[in-house]
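Chemist: Questions regarding the structure given below will be posed in turn.
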Amino acid sequence: MNAQPQFITNANGEKVSVILPLADYQELMDDLEDLAAIAELRDEETIPWEQVKKELIANDLL
């Protein structure tokens, strides 16, 4: 992403809003969605790679 934001300011010159190219906005939304999914799984139990690999081989998926 090569964000080139434009800012909207109030009468005091304080930045109150931002305008982004649509592609940059969509990329930010996609990243936010990915981070939310990761956060939901934070406390999930992990499975060691060797176990996953063994199961994939047993099911002819690897």
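A short reminder: the numbers here are calculations on the coordinates, not readings from a lab. If you're wondering where the values come from, they're calculated on a predicted model, not measured in any experiment. As a convention, Cβ positions derive from the backbone with ideal geometry for all residues, glycine included, and neighbour counts pool all protein chains shown.
Chemist: I want to confirm something. Restricting to the range 24-62 and keeping residues that are loosely packed, with under 11 Cβ neighbours inside 10 Å and among the polar types (S, T, N, Q), which single residue is nearest to ASN2 (Cα to Cα)?
Modeler: Filtering first and then ranking leaves THR46.
Chemist: Related question: Would you confirm whether or not the range 11-23 contains a residue that is part of a helix (DSSP H, G or I) and of a type in the set (A, V, I, L, M)?
Modeler: Yes, because at least one residue in the range 11-23 is part of a helix (DSSP H, G or I) and of a type in the set (A, V, I, L, M).
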